[in-house]
Each structure stands twice: as C-alpha cells, then as structure tokens.
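Enquirer: Have a look at this one before I ask anything.
The values are calculated or read from the model by the stated rules, or taken from the named source; none is laboratory data. Given the structure is predicted, the values throughout are model-derived calculations rather than measurements. Cβ placement follows ideal geometry from the backbone for every residue including glycine, while neighbour counts extend to all protein chains displayed.
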Amino acid sequence: MPLPAPLLRSDPRASKRDFGSVLIIAGSPSMLGAAALSSLAALRSGAGLVTAAVGRSLNLTLQKKISSCVMTMPLPETKAGVFSGKALLELKKVWDRFDALAIGPGLGRAKAASTLARQVILQCPKPLVVDADALFALAGHTEILRRSKALRILTPHTGEMARLTGKSAAQIEDNRLTAARDFAVTHHCVLLLKGHRTVVASEQGRVFVNRTGNPGMATAGSGDVLTGMIAAFLAQGLGAPEAARWAAYLHGKAGDRAAAVKSRAGMIASDIIENMPYVLKNS
C-alpha cells in the first residue's frame, strides 16, 4: 500500500519545517519513559521537529534518556513533580508554534495533571492526540470534546473505552465497531480503539479495521509509540482519520517485523520504533 504523498519526502528543496512540528505533553516522575517513547516515535515517523514537554525537575533526566534530536520544554510542576495548573499558561504561549500535539502518556493521575489535561483538550486550537492518563482525566467530562477548538483523536484500549462510556469491558469487546463509531459521531472526534483488529472511527461514522500487528505488541509503551506516530502524521499534513489509520497500520507492520526479528515474547516497545524506518521504506 503506497504511502500518502505528505510522507514521501519527494521535494528536494524541503526543510525540516515542511514536515511539521510536534509537541508531546507527557511524563511524570515514575513514567518518564512514556514521554521518551512518544517523542522518539514521532521523529521516526517523519516529524521535522519534536519537543517533549515535561515537569521542570524532570527536564535534565529526560534529556539524558531521550535522543539528542528531541527538544525539551520544562513546565511548571507541583511539589510531587507532576504538571501544575501554571503549565497551562506556558502552553498557551507556545502551542500555536506547533502543527500537532499529543497529551497523556505517563502524565500521571494527580488532580493537577488531570485538570491540565482537560483544559488542553478544551482549549488547544491545534489537532490533538489524547491518550493514556489524559483519557483517565476525560472520563466523566466527555462533553468538552464537543466544545473543543479543533479535532481530537482519542486512542483508548478496551478498559479506557469502558471508563469513557460507562459500559463494561465485555460490552465494548462484543461491539467494538459500534462502540467506536457511536462515540466518534456523538463526540465529534476520531476514535482509535486499540486491541486485536484496532478500529478507527471518524466523526462522520466511517470505520476502518486494521489487520496488521501481533500479540507481542501487548507490551508496556506500545501505545505511547502509537501516540507519537499519529501526532507526527498530523503534523505532516494528514487529516485526522487518515493519520490514525496510517499510524495503526504502520505501527502494526513495524510490530510484525520486530516480532519476526526479536520474537513476540522478547520484543519491547522501542523495537517498534527501530523498525519504523524499514516499514516506511518498504510501504
């Protein structure tokens, strides 16, 4: 399946700014790796510039953990080291500089971090990927999706989807297509329901079922990688449903190659990132 034109790098006069700028709002003291994985995945998926926003006290640690190609943005934090309410003021000053954002991986579930997530979902004027702890913050407040300033892509697994909808995990699994489509249409978002045969539903009710991937991808950090990929494709100019579909497909392909090389049992999330250049080259 040929890649969409924005991902082909066909213009010899292009600069890094032609391929979009991504901001990843992620990480907390015990889950800094999530910010690193999402940011690296965005870079390996073609974003021209990637910045990871983390709590101020975590900034130097992240710089050591992450690639030197990723920039960092230290933001105000609480005494516990998670984002504080003042972080929103700093983000408002800069988010117009980015083509796409993502929030949630490793964010933590402290009250201040959840409040920040909801305000970013509501107020950010750019395309936004909502994952992990930002989905936790959104549960019980899904009405803000209809009031938000730009299209949102939500990436829940079955348990997160159950919490968002108030249904049981069994009910979600028994009706994956319907659950994803109904939520996307009702809340004017793109819904990517992770799991076996990942489902992508648009706000118009169109549904795509992905058939790449394998059980080895059920490993810590795999979802963080997917989040970074979607943000990168948004930043490069793909529409929200298209970005989600291509990310699901290529994420699965990279996971399949990682499993072939490392085994399903032995692969880890960073193996998916390492195989992204191969699948981009051969798609």
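Enquirer: Of the residues in the range 130-150, how many are among the acidic types (D, E) and either part of a helix (DSSP H, G or I) or more than 17 Å from the chain's Cα centre (by Cα) (or both)?
Expert: Residues that pass the stated criteria total 2.
Enquirer: Same structure, new question: What are the residues in the range 200-221 that are outside any loop (DSSP other than H, G, I, E, B) and surrounded by fewer than 24 Cβ atoms within 10 Å (Cβ to Cβ), if any?
Expert: Matches in the range 200-221: V207, F208, V209, P215, G216.
Enquirer: While we're looking at this one, here's another question. State which residue pairs qualify: first residue over 22 Å from M71 (Cα atoms) and inside the range 7-21, second residue exposed (fewer than 11 other Cβ atoms within 10 Å of the Cβ) and not basic (K, R) in any location, beta carbons under 9 Å apart, and separation of 6 or more residues or different chains.
Expert: Sorted first by the residue in the range 7-21, then by its partner, the pairs are L8/P2.
Enquirer: The conditions are (1) within 24 Å of Y278 (Cα to Cα); (2) outside any loop (DSSP other than H, G, I, E, B); (3) among the hydrophobic types (A, V, I, L, M, F, W, C), and C69 fails exactly one of them. Which is it?
Expert: Among (1) within 24 Å of Y278 (Cα to Cα); (2) outside any loop (DSSP other than H, G, I, E, B); (3) among the hydrophobic types (A, V, I, L, M, F, W, C), C69 violates only (2).
Enquirer: Out of the residues in the range 84-98 meeting the condition of being among the hydrophobic types (A, V, I, L, M, F, W, C) and part of a helix (DSSP H, G or I), tell me which one is surrounded by the most Cβ atoms within 10 Å (Cβ to Cβ).
Expert: Result: A87.
Enquirer: Give the range 10-57 a look and list any residue that's surrounded by fewer than 21 Cβ atoms within 10 Å (Cβ to Cβ), in contact with a helix residue (DSSP H, G or I) (Cβ under 8 Å, 6 or more places away or on another chain) and charged (D, E, K, R), or say none.
Expert: Result: D11, single match.
Enquirer: Take the range 147-162 and flag every residue that is of a type in the set (D, E, K, R) and either modelled with pLDDT of 95 or more or surrounded by 14 or more Cβ atoms within 10 Å (Cβ to Cβ) (or both).
Expert: R147, R152, E160
Enquirer: If you don't mind, there's one more thing I want to ask. Kindly evaluate K111 against the criterion of being of a type in the set (D, E, K, R), without any contact (Cβ under 8 Å) to a residue 12 or more places away in the chain and farther than 30 Å from A14 by Cα.
Expert: Answer is yes for this residue.
Enquirer: Within the range 62-72, work out how many residues are under 13 Å from L49 (Cα atoms) and surrounded by 15 or more Cβ atoms within 10 Å (Cβ to Cβ).
Expert: So the count comes out to 3.
Enquirer: Scanning the range 31-63 for residues that are without any contact (Cβ under 8 Å) to a residue 40 or more places away in the chain and of a type in the set (G, A, S), which turns out farthest from C124 (Cα to Cα)?
Expert: S57
Enquirer: Further question: Testing L60 on (1) more than 25 Å from G223 (Cβ to Cβ); (2) in contact with a helix residue (DSSP H, G or I) (Cβ under 6 Å, 6 or more places away or on another chain); (3) not polar (S, T, N, Q), one condition comes back false. Which one is that?
Expert: Among (1) more than 25 Å from G223 (Cβ to Cβ); (2) in contact with a helix residue (DSSP H, G or I) (Cβ under 6 Å, 6 or more places away or on another chain); (3) not polar (S, T, N, Q), L60 violates only (2).
Enquirer: Moving to a separate point now. Which pairs have Cβ atoms under 6 Å, sit 6 or more apart or on different chains, and link a residue in the range 236-247 that is more than 12 Å from R206 (Cα to Cα) and at pLDDT 95 or above to one that is β-branched (V, I, T) and crowded, with 23+ Cβ neighbours inside 10 Å?
Expert: The qualifying pairs are A240/I153; A240/V190; A243/I230; A244/I153; A244/V190; A244/V200; A244/I230; A247/I230.
Enquirer: Sticking with this one: So if I check each of R197, R264, which one is at positive phi and surrounded by fewer than 22 Cβ atoms within 10 Å (Cβ to Cβ)?
Expert: Only one candidate passes the filter, namely R197.
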